[in-house]
Amino acid sequence: MMGRLEGKVAIITGGNSGVGAATAELFAKEGAKVVITARREPQLEEIAQRIRASGGEVTVVRCDVSKVEEVEAMVNKAVETYGRIDILVNNAGVLEAGLKPIESCTDEDFEWVMSINTKGCLYCTRAVVKEMMKNNAGSIINLDSVAGAFGTGGASYVASKAAVIGLTKHTALRFTGTGIRCNSVNPSTIVTPMTMSTDPKSLDQAMMGQMNKHMNLSVTPCMPIDIANILLFLASDESRAITGQVIVSDFGATL
C-alpha cells in the first residue's frame, strides 16, 4: 500500500543517516513532503538527492536542535515552504562514549547528551505543536530507547532518554481529546553509523555485565528500516487512536 502519508508535511530531525535517513526516504515514498534537518548539511543533501531521484519532495534545513533559535528558524522554514506541519519525528540524538555508569559519568557528557537528546526534543516539540494547534491535528513521534525505560546504558544517555519518555506522556496528555498525538518508539540496539562506530574497548565492562543481566545482547539488532516502518504507522492516520504510548522495538531482547 502506497500513499499512506499523501499530502502530509513531515519534519525529521537527524535526517542525515541511520533511522532518520531511512524514515525520510520511506515517508517521501508514501507521499509526504519531508523536511530533513541535521548539523551536517552535506550528508543531508545526499539523502535529499536520493529522495528527489525517486520522485519525492524534500527540503533540507541545517539545524542544531540544541539551539532554540535554530529550531525555531527551521520550523518557520518548513511552514513557509509547505504551509503546515503534520508530523514531527524527533530522531536527532547522540550517544556518549563508553557507557559510563553513574560514578564515572562526566559533567561534559551529561550536558552534551541532554542538550541534544532531551532539550532538542523539547525545543522541536514546543515549536511544532504551536503550528499543529492551528489545525488540531498532528503526530509527534519521539525516537527514544530501551535505556530510558530500563536503565540499560550510560548514566547520561539513560537520563536523557528517560526524560523523553516523560515528555512524551506529558505532550500526549496535554492534547488528549484533540487531533494531536504523541508517542515514543524505544528500540534496543540499531545498526546505524552512530552505534557501529562505538569502540568495544571503550565500553565500561562492569556496566555491560549489568546490562547483560537485564537484556539479551545476542538478540538480532534492529535495522533502520525496522524502526522507520513503525514510525510510518504512527505517523499515518491508521494509528489515530494511539497516543501516549511507549513502544519497545527490540525483537524481545528486554523480555
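Output yes when any residue across segment 27-42 is in contact (Cβ under 8 Å) with a residue 12 or more places away in the chain, among the aromatic types (Phe, Trp, Tyr) and touching a strand residue (DSSP E or B) at 6+ places or on another chain (Cβ under 9 Å), and no when none is.
Yes, segment 27-42 has at least one match.
One residue stands out in segment 225-255 among those that are modelled with pLDDT of 95 or more and part of a loop (DSSP other than H, G, I, E, B): the one that is surrounded by the fewest Cβ atoms within 10 Å (Cβ to Cβ), namely Ala241. Is one or more of the residues making up segment 217-226 touching a residue at least 60 places away in the same chain (Cβ under 8 Å) and more than 18 Å from Gly18 (Cα to Cα)? Within segment 217-226, not a single residue is touching a residue at least 60 places away in the same chain (Cβ under 8 Å) and more than 18 Å from Gly18 (Cα to Cα). Of the helices (runs of 4 or more DSSP H) that lie entirely inside segment 71-188, those containing 2 or more residues that are aliphatic (A, V, I, L, M) span 120-132, 146-150, 155-174. Ala163 meets all of the listed conditions (1) crowded, with 24+ Cβ neighbours inside 10 Å; (2) within 24 Å of Trp112 (Cβ to Cβ); (3) of a type outside the set (S, T, N, Q) but one, namely (1). The set of residues in segment 48-72 that are surrounded by 15 or more Cβ atoms within 10 Å (Cβ to Cβ), hydrophobic (A, V, I, L, M, F, W, C) and free of Cβ contacts under 8 Å to residues at least 40 places away in the same chain comprises Ala48, Ile51, Val58, Val60, Val61.
Of all residues being within 18 Å of Thr81 (Cβ to Cβ) and out of contact with any helix residue (DSSP H, G or I) (no Cβ under 6 Å at 6 or more places or on another chain) in segment 30-48, which is modelled with the lowest pLDDT? Just the residue, please. Applying the filter and picking the extreme gives Glu41. Checked against (1) free of Cβ contacts under 8 Å to residues at least 60 places away in the same chain; (2) surrounded by 21 or more Cβ atoms within 10 Å (Cβ to Cβ), Asn135 passes all but a single condition, namely (2). Condition first: crowded, with 23+ Cβ neighbours inside 10 Å and in contact (Cβ under 8 Å) with a residue 40 or more places away in the chain. Can you find one or more residues in segment 100-112 that meet it? Looking for residues that are crowded, with 23+ Cβ neighbours inside 10 Å and in contact (Cβ under 8 Å) with a residue 40 or more places away in the chain, one finds none in segment 100-112, hence no.
Cβ separations smaller than 7 Å between residues 6+ apart or across chains give the following pairs from segment 144-162 residues that are within 13 Å of Asp250 (Cβ to Cβ) to residues that are among the β-branched types (Val, Ile, Thr) and part of a helix (DSSP H, G or I): Asp144/Val164; Asp144/Ile165; Ala147/Val158; Gly148/Val158; Gly148/Val164; Gly148/Ile165; Ala149/Ile165; Thr152/Val146. Taken over segment 8-47, the criterion of being in a loop (DSSP other than H, G, I, E, B) and crowded, with 23+ Cβ neighbours inside 10 Å is satisfied by Lys8, Gly14, Gly15, Asn16, Ala32.
The values are calculated or read from the model by the stated rules, or taken from the named source; none is laboratory data. The structure presented is a predicted model; accordingly, all values stated were derived computationally and were not measured. A quick note on method: Cβ atoms are made from the backbone with ideal geometry, for glycine too, and the neighbour counts reach across all protein chains shown.
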